[in-house]
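Heads up: the structure comes next, in structure tokens.
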Amino acid sequence: MPRWDPASFNALLSGFARFGNLEEAKILFDRMELRSVISWTCMITASTVSSSLIFARELFTRMPGWNVISWNALITANAQKGHLDEAVSLFKSLPEEHKSLCSWNAMIAAHLHSGCFDGSKAVFDAMPTRDVSSWNNLAAGIAEHKPVTAARACFDRMPAWDVIAWNILLSATAEAGDLGEARNIFHAMPAKNSFSWNAILTASALNGHAQDAENLFRRLPDKSSSVAWNALVSSYARNGQGTVALRNFHQMVLHGIPSDGVTFTNVLVACSHLGMVETSWRYFVSMVSDHNVRAERGHFACMVDILARLGRLGEAEELARYMPFLPNYVVWKSVSSASRMYCDVDRGTRAAQNAIDLEPKHSGSYLLLANMYKSNSC
């Protein structure tokens, strides 16, 4: 191309913006002799995608003219970063004639992202017109903050349902523990996507229906999601079928599906049910060295639980004390419960007292300590 016209520059800027390549976008933007409102908007988008809100606001201030896209990009970026006050200020400054459905929807999302459901409902009620995104945003907020019956009532008022709306209702029903109704919703859906399949698969796994989860997994149109594989591994790991869970994990690895922290929590739970201490340590080390997954508090808690269950109480207590996270109530409860089972009263008493120190209002902590005193007859 002997000479680039503004449209060519804007097309390339748009590509940089989409992927958040801010430095490349800056270089190209500085080379441009003529900059349109599209050029400025692309730069603002690139800045927001790469989390440079200060630079995005600076660009916005310098713009010779604004359009609704540039306003919405900045409003949405502030909302996603939790800067609700800034998002509200920008929205109020937006001329009424430029407040599009996209602007209103961005404000509903902004309030929801900041955990302000009442604010999102107020924005929804004030909207001059609404589209399916407006209803979906409201429904998502109700599903998160209200009982599932309220979410269902919202859906019954919706003028139209798309797959996102169906997924919100499916997920809310599943999280409420009503697997039967979740199945009914899933089967009633006119169209399903990977989220739909993963939601019902995860719900089946969490409710202990391992065979149902596997049957769903086999019917999955797309098995490339780690969410689906994690649900499959979890369904067997938490159902006491550790061998099957580990076999599914190895199949996951062979299929090239990336593992994450949830994957290895399930693997360690499976090892715990099988009483495989050394194997669990190998998985723990492999998690970091081979799979580049950071060891979190939950993984250390699993290891403490495995050691304690199998009577290696000294190692369990030592790991609890020296792991790179502050041990929580669950960790010390594992040590205390196992100590009582193995009649190690002194260790169990220490662990129970540590649990009380962490959660003095938790009645279970005092029950742990009382049970330890009862164990003096060991």
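The values are calculated or read from the model by the stated rules, or taken from the named source; none is laboratory data. Keep in mind that what you see is a predicted model, and the values were worked out from it rather than measured. Backbone-built Cβ (ideal geometry, glycine too); neighbour counts: all protein chains shown. In case anyone asks, the SASA skips ligands and DNA or RNA and just uses the protein heavy atoms, side chains included. Shrake-Rupley method; radii C 1.70, N 1.55, O 1.52, S 1.80 Å.
Overview of results
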quantity: Qualifying residue in the stretch 109-127 (condition: surrounded by fewer than 16 Cβ atoms within 10 Å (Cβ to Cβ), among the small types (Gly, Ala, Ser) and not in a helix (DSSP H, G or I)); calculated: yes
quantity: Condition met for Ala172 (within 29 Å of Trp197 (Cβ to Cβ) and touching a Lys or Arg at 6+ places or on another chain (Cβ under 9 Å)); calculated: yes
quantity: Residues of the stretch 77-86 satisfying the condition of being open to solvent by 40 Å² or more (accessible area, probe 1.4 Å) and in a helix (DSSP H, G or I); calculated: Gln80, Asp85, Glu86
quantity: In the stretch 287-305, the residues that are under 24 Å from the mean Cα position of the chain (by Cα) and open to solvent by less than 50 Å² (accessible area, probe 1.4 Å); calculated: Met287, Val293, Ala295, Gly298, His299, Phe300, Ala301, Cys302, Met303
quantity: Filter pass, Val233 being surrounded by fewer than 19 Cβ atoms within 10 Å (Cβ to Cβ) and either part of a helix (DSSP H, G or I) or hydroxyl-bearing (Ser, Thr, Tyr) (or both); calculated: no
quantity: Residue in the stretch 245-252 that is in contact with an Asp or Glu (Cβ under 9 Å, 6 or more places away or on another chain) and within 20 Å of Arg218 (Cα to Cα) present; calculated: yes
quantity: Only listed residue being of a type outside the set (A, V, I, L, M, F, W, C), closer than 20 Å to Ser100 by Cβ, within 32 Å of the chain's Cα centre (by Cα) and part of a helix (DSSP H, G or I), chosen from Ser47, Ser89; calculated: Ser89
quantity: Hits in the stretch 329-363 (condition: surrounded by 15 or more Cβ atoms within 10 Å (Cβ to Cβ) and among the basic types (Lys, Arg)); calculated: Lys333, Arg340, Arg347, Arg350
quantity: Criterion: of a type in the set (Phe, Trp, Tyr), modelled with pLDDT of 95 or more and in a helix (DSSP H, G or I) - qualifying residue of Phe217, Phe264; calculated: Phe264
quantity: Residue under evaluation Ser50, criteria (1) within 25 Å of Ser93 (Cβ to Cβ); (2) at pLDDT 70 or above, criterion not met; calculated: (2)
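Here's the yes/no breakdown for (1) of a type outside the set (D, E, K, R); (2) under 28 Å from Trp135 (Cα atoms); (3) open to solvent by less than 40 Å² (accessible area, probe 1.4 Å):
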{"position": "Arg31", "(1), (2), (3)": "no, no, no"}
{"position": "Arg35", "(1), (2), (3)": "no, no, no"}
{"position": "Ile54", "(1), (2), (3)": "yes, no, no"}
{"position": "Glu58", "(1), (2), (3)": "no, no, no"}
{"position": "Ile75", "(1), (2), (3)": "yes, yes, yes"}
{"position": "Cys102", "(1), (2), (3)": "yes, yes, no"}
{"position": "Ala106", "(1), (2), (3)": "yes, yes, yes"}
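Conditions (1) surrounded by 15 or more Cβ atoms within 10 Å (Cβ to Cβ); (2) more than 22 Å from the chain's Cα centre (by Cα); (3) in contact (Cβ under 8 Å) with a residue 24 or more places away in the chain, marked per residue:
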{"position": "Gly208", "(1), (2), (3)": "no, no, yes"}
{"position": "Glu214", "(1), (2), (3)": "yes, yes, no"}
{"position": "His250", "(1), (2), (3)": "no, yes, no"}
{"position": "Gly275", "(1), (2), (3)": "no, yes, yes"}
